[in-house]
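Notes follow once the structure below has been shown.
The values are calculated or read from the model by the stated rules, or taken from the named source; none is laboratory data. Just so you know, these numbers come straight off a predicted model, no measurement behind them. So basically every Cβ, Gly included, is an ideal-geometry build from the backbone, and we count neighbours across all protein chains shown.
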Amino acid sequence: MNKEQKTLLIQIGLLVVTIFTTTLAGVEWMFSKWLFFVPEDHLMTLGDFNKGFMFSLPFLGILTVHEFGHYFTARYHRIKVTLPFYIPFWLGFFGAFSLGTMGAFIRIKDKIRTRKHYFDVGVSGPLAGFVIALGVIYYAYTHLPPMEYIFEIHPEYEQFGADYKDHVYTDEFARQQHFLSYQEARQADSLAHLKESAPGEWTYPDFEALDSYGSFYFNKPLLFILVEKYLVKDTSRIPGVQEIMHYPYLLAGLLALFFTALNLLPIGQLDGGHVVFGLFGEKNSRKISLVLFTAFLFYAGLGIIDVRQMHDTSFEGVFTFVAILLGYLYFLYICAYSIFESRQDRFTYAAVIMALQFTLHTMFGFEGYSGWLLFGLFLGRFIGIYHPPVLDNRPISLSRKILGWIALIVFVLSFSPEPIIVEI
């Protein structure tokens, strides 16, 4: 068996494993069913697993079309390229939700020497995947199940009827459900009995309610908002953001748009960076990448700036605040690696950003989304924010410029400033 055959077997194996893990992830999101280490009523069955394909197949289908958009364009330009490598990623062993995959990638094995080729390879993947995503999203919204579907998954919502969204996403309702679950467990184990209490009161020998009940959900990108406003006729069937995870085609389309938006960020060697490089050339694309990366990092960092930490004047409070401050400053310093060669320039860049963030947060209460910080580190330290130069830097054609602007519109439609919300 030669090297190419071994690589092909690895790629096929990764694809098979990724189909399996994304199917598991789909079942976990839709039904809160798991493969291991859970009570019997939460164990995944073969029937549940089969339903998971309603998520995994459209989701991976969109990602696959995206990657083959790159692949066939590269082959058209006679650029050596590999078939896609899929990245399975599943956290079910730990009882945690995951997407089942971290996406896929192809490897360019040739040096790309023209601005046109970089643009073509970069723009083809997101546009191809977006076309399929539109089909999945259209099907999902034109085949929404009736409201009874969500009541089958959450029977506790049914008492509120069509107005359930106004009642169930509160700490009070979560506390009630926590108490009922606790009560059922204690009664089942015959460890205690519910004390007599006035109607509406919840008392139990050692029941302790939490101060706050967290939640986890996906925010809708602009495309979803537009589709719901102009396409869906029966708005009672539209799920709230907290329930999208139970709708496999909607979830597949939403996550596909999330990956599309990440790829189309107009920075460095991402697909969006190739698009900007093709549209504006080397010199202008460097300026655009630097400005957009700084804005991206600035917005992400605003998500962890909290002046309330300064109000604790105890030794532990001051020490913790200073440690967080220095740690964040070093984080920004690392993110500046691909921007500046000089350590002093990196430190100055980090210090200015942090000072401005504290100023804007303190004076105007500006907030950001810290969930982008890890991706900011990935861009600034590992991928790089500047596009590599080419030998042939001639401008692209008008038709390509139109495609480039369409790709940027796709980015706007797919991007959500806060795609995943975790409330603790």
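Restricting the first member to the stretch 281-297 and to residues that are in contact (Cβ under 8 Å) with a residue 24 or more places away in the chain, and the second to residues that are among the aromatic types (Phe, Trp, Tyr) and in a helix (DSSP H, G or I), the beta-carbon pairs closer than 7 Å and six or more apart or on different chains are SER285/PHE277; PHE296/TRP372. Do we find that ASP271 is modelled with pLDDT of 70 or more and under 19 Å from the mean Cα position of the chain (by Cα) in this structure? For ASP271, the condition - modelled with pLDDT of 70 or more and under 19 Å from the mean Cα position of the chain (by Cα) - is met.
Within the stretch 109-152, which residues are among the aromatic types (Phe, Trp, Tyr) and more than 14 Å from ILE79 (Cα to Cα)? Those that are among the aromatic types (Phe, Trp, Tyr) and more than 14 Å from ILE79 (Cα to Cα): PHE130, TYR138, TYR139, TYR141, TYR149, PHE151. How about the stretch 1-56: which of its residues are part of a loop (DSSP other than H, G, I, E, B) and within 18 Å of LEU254 (Cβ to Cβ)? Answer for the stretch 1-56, where residues must be part of a loop (DSSP other than H, G, I, E, B) and within 18 Å of LEU254 (Cβ to Cβ): just GLY52. The set of residues from the stretch 119-149 being within 26 Å of SER181 (Cβ to Cβ) and crowded, with 20+ Cβ neighbours inside 10 Å is empty.
Being at pLDDT 95 or above and within 21 Å of PRO126 (Cα to Cα) is a property that holds for PHE85. With respect to the conditions (1) surrounded by 14 or more Cβ atoms within 10 Å (Cβ to Cβ); (2) at pLDDT below 95, SER314 falls short on a single one, namely (1).
For the stretch 163-185, a residue qualifies if it is more than 15 Å from ILE150 (Cβ to Cβ) and among the basic types (Lys, Arg), and exactly one does: ARG175.
Is it the case that ARG75 is out of contact with any helix residue (DSSP H, G or I) (no Cβ under 6 Å at 6 or more places or on another chain) and at pLDDT 95 or above? For ARG75, the condition - out of contact with any helix residue (DSSP H, G or I) (no Cβ under 6 Å at 6 or more places or on another chain) and at pLDDT 95 or above - is met. Taking the numbered list (1) farther than 29 Å from ASP110 by Cβ; (2) in contact (Cβ under 8 Å) with a residue 24 or more places away in the chain; (3) not small (Gly, Ala, Ser) in turn, LEU391 passes all entries but (1). Does GLY380 qualify as being farther than 30 Å from LYS111 by Cβ and of a type in the set (Gly, Ala, Ser)? Criteria not met by GLY380. Restricting the first member to the stretch 63-82 and to residues that are free of Cβ contacts under 8 Å to residues at least 12 places away in the same chain and on the phi > 0 side of the Ramachandran plot, and the second to residues that are in a loop (DSSP other than H, G, I, E, B) and of a type outside the set (S, T, N, Q), the beta-carbon pairs closer than 9 Å and six or more apart or on different chains are ARG78/ASP110. Here SER56 fulfils each of the conditions (1) out of contact with any His (no Cβ under 8 Å at 6 or more places or on another chain); (2) at pLDDT below 95 apart from (2).
Considered as a group, the residues in the stretch 214-257 that are more than 15 Å from the chain's Cα centre (by Cα) and without any contact (Cβ under 8 Å) to a residue 40 or more places away in the chain include one that is surrounded by the most Cβ atoms within 10 Å (Cβ to Cβ), and that residue is ILE225. Against the test of being farther than 14 Å from ASP271 by Cα and more than 20 Å from the chain's Cα centre (by Cα), the options TYR86, TYR141, TYR118 yield a single qualifying residue, TYR141.
Take the residues in the stretch 394-424 that are touching a residue at least 60 places away in the same chain (Cβ under 8 Å) and of a type in the set (Val, Ile, Thr); name whichever of them is surrounded by the fewest Cβ atoms within 10 Å (Cβ to Cβ). Per the criteria, the residue is ILE424.
Scanning the stretch 19-31 for residues that are in contact with a Leu (Cβ under 7 Å, 6 or more places away or on another chain) and either closer than 17 Å to ILE87 by Cβ or of a type in the set (Ser, Thr, Tyr) (or both) turns up ILE19, THR22, LEU24, ALA25. With respect to the conditions (1) over 27 Å from ILE150 (Cβ atoms); (2) out of contact with any Asp or Glu (no Cβ under 8 Å at 6 or more places or on another chain); (3) part of a loop (DSSP other than H, G, I, E, B), ILE79 falls short on a single one, namely (2).
Considering the conditions (1) in a helix (DSSP H, G or I); (2) under 30 Å from ASP110 (Cα atoms); (3) in contact (Cβ under 8 Å) with a residue 40 or more places away in the chain, TYR386 is excluded by exactly one of them, (1). Within the stretch 145-173, no residue that is farther than 20 Å from PHE31 by Cα sits with its Cβ atom under 6 Å from a residue that is assigned to a helix (DSSP H, G or I) and charged (D, E, K, R) at 6+ positions apart or across chains. A single member of PHE378, PHE340, PHE358 is in a loop (DSSP other than H, G, I, E, B) and surrounded by fewer than 18 Cβ atoms within 10 Å (Cβ to Cβ), and it is PHE340.
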